[in-house]
Amino acid sequence: MADPSSYRPKPGQIPDSPGVYKFRDEHRRVIYVGKAKSLRQRLASYFQDLSGLHPRTRTMVTTAASVEWTVVSTEVEALQLEYSWIKEFDPRFNVKYRDDKSYPYLAVTMNEQFPRVQVMRGQKKKGVRYFGPYGHAWAIRDTVDLLLRVFPVRTCSAGVFKNAARTGRPCLLGYIGKCSAPCVGRVSPEEHRELAEEFCDFMAGRTGTYIRRLESRMTDAAEEMEYERAARLRDDIEALKKAMEKSAVVLADATDADLIALAEDELEAAVQIFHVRGGRVRGQRGWVTDKVEAVTTGDLVEHALQQLYGEETGDSVPKEVLVPALPELVEPVQEWLAERRGSNVSLRIPQRGDKKALMETVQRNALQALGLHKTKRASDLTTRSRALEEIAEALDLDSAPLRIECYDISHLQGDDVVASMVVFEDGLARKSEYRRFQIKGFEGQDDVRSMHEVITRRFRRYIAEKEKTGEWADGETGLTEEDGRPKRFAYPPQLVVVDGGQPQVAAAKRALDELGIDDIAVCGLAKRLEEVWVPGEDDPVVLPRTSEGLYLLQRVRDEAHRFAITYQRAKRARRFRASPLDDVPGLGETRKQALIKHFGSVKKLRSATIDQICEVPGIGRKTAEAITVALAQAAPAAPAVNTATGEIMEDATDATDATDATDVTDVTDVTDAESETTAGSAGEPVSAGSSDERRGQER
């Protein structure tokens, strides 16, 4: 625990102007970011008698070891910089609203020649119109199904669209009148775009125009005794009205507004947002956050506004934002919102009428969300704490292992031998800390030797980081870069878990002993009987089958196995798709494809002369000679089967070419030169997989 007076700036050193400040801990990690109208006054409030500070503020200033600031011109700039730094450094003492789910949006891809209506999640893309968010994807599909009667916009994927254009036959929706079939030329690109724009206008709340237009056309058709057309128009009107009924009118004046409500207690706060467009509720979402700093309701509102609109522009920021309390500095926040929208934005508290009644509804949703979250959170925290305590007791540790690292070896009959390292902190997976290794010390199948190599390499990097930062000499750990980001391999675990039994545990312990590390516990989890092995013991530690500690160790072990086998399959897939052309220096993917397209296969390319190869655009004589040499040195492979056609190929490289052209494998691209992902990616996305899959030959 640091004394704030030890790093307090000297009197007069802090400027009396707007700015943003950062508190860092002893490891140079950014732990808090704040902004102030006057940096001098705000920072002075942190360096008073500790007994007068809020408990959370007191914890923050005693955790910090330094403070620094950046002066800006206006309070709006301070708001923008604060948002950027919070997003970049993820400070532990800042309020961060974490979305409890990925909300689906109804999206119209206006950036394409033929706009498509579809369900989208994740980050928003430029040129795409979004409506929502919705609570469920099926709600979007129900609405779209109704509207396609009136606005028959394309909904098919690019592959289906191209196939229909190639065959000249539309899909089923084109035959039943729910798609205008631009793929076969029933409508021009301009007519289809007009349909998409009308669809967007209707979804944006401008519904009355289309209802009146259809009613007028229905009346005209009836007067002209075209009763079938009048009946169809009548059904179209009913479909539109039914779609409108799915989002009832809540504000009579066709208001575009977002309503934000909060429910909070001493420890946590829940926020709920209703998105109202054209007087109708078009979407709803909510978050829950820990109150890790001393904040008022106005501060929570300001943080929620940053979370909501920090990445939004244009109409995504509504004209009116209704909140339960105003931020301390209202004008800068309103100005910032106006900049995001491009026009004035009203930020206010509803006082009476329909808007206040709707705010009460949003408030009730926030209260329910907070209650539900507390029920889940209490159970989750209790379970994780009990699991860590049981592990500490079973392994005779001094304290609960808050950081656990698990290692696993994966290969296919001795080929493509790789290893994984997964990290769990406080019982939860920390995927940004995951690492992967290629076994480089030897070739072949030897899990024990592989485990020794991986543990040695990982902790040798840890020791190197400590020596580099001078921890051995002066006790300064320096676990982060200058910008506050954690260094790779810089944090030691309290417990190392290996996937295996006594031999693997002994190898891991031997690697640590050779490096002089004696303060990290080691254990192994054997798959057959789920026994926990510790170094130097002839008998395993047996945890009860219902033990939360055993369940946590199983989750850690299975995650390490899944991560390792994903990497191993990626390497194997890349090796299978290898081509002799890969060895030609300076020959990129574009020219490789041009060669294969010109000659049809590697076999035919191998039999071509240098002059014939030079006929390919972009291939010079020197490159052609290098290609000829590389193909001559590569021995022809055994016969193989073309997976696209089932044809038996005379040259396996032909099958490779066909596979490359037709098969797309969803794996992470891993270069042969990559070893630890300290030089590659940290915490790559991983997909679910069975921990027991192909456990015999493929580990």
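The values are calculated or read from the model by the stated rules, or taken from the named source; none is laboratory data. Quick caveat, the model's predicted, so the values are computed rather than measured. Positions of Cβ are generated from backbone atoms using ideal geometry, with glycine treated the same way; all protein chains shown enter the neighbour counts. The protein model used for the area step is the full one, side chains on, heavy atoms only, and it has no ligands, DNA or RNA in it. Shrake-Rupley method; radii C 1.70, N 1.55, O 1.52, S 1.80 Å.
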Report M225's accessible area, 1.4 Å probe, all protein chains in place, as a number in Å² to the nearest 10. 130
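Quick check: with the 1.4 Å probe, what order do C156, C171, C406 take by accessible area, largest first? The partial results should precede the final answer.
Details: C156 25, C171 45, C406 0 Å².
So the residues, ranked largest to smallest area, are C171, C156, C406.
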Over all directions, how big on average is the projection of the convex hull of the alpha-carbon atoms in segment 1-131, in square nanometres? 11.0
Among K22/K126; K291/K374; K35/K87; K87/K291; K22/K125; K35/K431, which pairs are too far apart, with a Cα-Cα distance over 21 Å? K22/K126; K22/K125; K35/K431
Fully extended, how many nm does the chain gain between D90 and T167 (0.36 nm per residue separation, minus their Cα-Cα distance)? 22.5 nm
Please list the non-local residues whose amide H lies under 5 Å from the amide H of V498, H modeled 1.01 Å from N, same-chain partners needing a gap of 5 or more. Y407, C523, G524, L525
Residue by residue through segment 310-316, what is 3J(HN,Hα) from phi via Karplus (6.51 cos²θ - 1.76 cosθ + 1.60, θ = phi - 60°)? Round to whole Hz and write x for glycine and proline. x, 10, 9, 9, x, 5, 5
Applying 1/(1 + (r/R0)^6) with R0 = 22 Å to the Cβ-Cβ distance of Q123 and L372, what FRET efficiency is obtained, to the nearest 0.05? 0.20
Where does each of V330, V496 land when they are ordered by accessible area, with a 1.4 Å probe and the largest first? V330, V496
Table column - 3J(HN,Hα) (Hz), segment 444-460, Karplus curve with 6.51, -1.76, 1.60, x for Gly and Pro: x, 9, 7, 4, 5, 5, 5, 5, 4, 5, 5, 4, 4, 5, 5, 7, 5
Could you please report the charge total around F114, scoring K, R as +1 and D, E as -1 over all other residues with beta-carbon less than 14 angstrom from its beta-carbon? 0
What does the charge count near V184 come to, summing +1 for each Lys or Arg and -1 for each Asp or Glu among other residues with Cβ under 11 Å from its Cβ? +3
Residue separation times 0.36 nm, minus the C-alpha to C-alpha distance between A204 and Y551: what's the value? 120.0 nm
Order the following by accessible area, largest value first: E77, E589. Probe radius 1.4 Å; ligands, DNA and RNA are ignored. E589, E77
Rounded to the nearest 10 Å², what accessible area does R217 have for a 1.4 Å probe in the complete protein model? 110
Convex hull per residue volume in Å³, alpha carbons only, for segment 333-401: 156
Accessible area (Å², 1.4 Å probe, nearest 10) - T155: 40
Amide H contacts under 5 Å for G283, placed H, 5+ residues apart: H275
Residue-count net charge about A78 - beta-carbon cut-off 9 Å; Lys, Arg +1, Asp, Glu -1: -1
Taking H as built 1.01 Å from N, whose amide H comes closer than 5 Å to the amide H of A294, not counting residues under 5 places away? T57
Can you work out ³J(HN,Hα) from phi for every residue in segment 181-188, in order, using Karplus 6.51 cos²θ - 1.76 cosθ + 1.60 and θ = phi - 60°, giving whole Hz and x for Gly and Pro? 6, x, 5, 10, x, 5, 10, 7
What is the projected area of the convex hull of the Cα atoms of segment 1-52, averaged over all directions, in nm²? 4.0
Using a basic spin-label model with each label point 7 Å from the Cα along Cα→Cβ, how many nm lie between A464 and D415? 3.1
In whole µm²/s, the translational diffusion coefficient that Stokes-Einstein assigns to segment 390-474, given a Kirkwood hydrodynamic radius over C-alpha pairs, 25 °C and 0.890 mPa s, equals 165
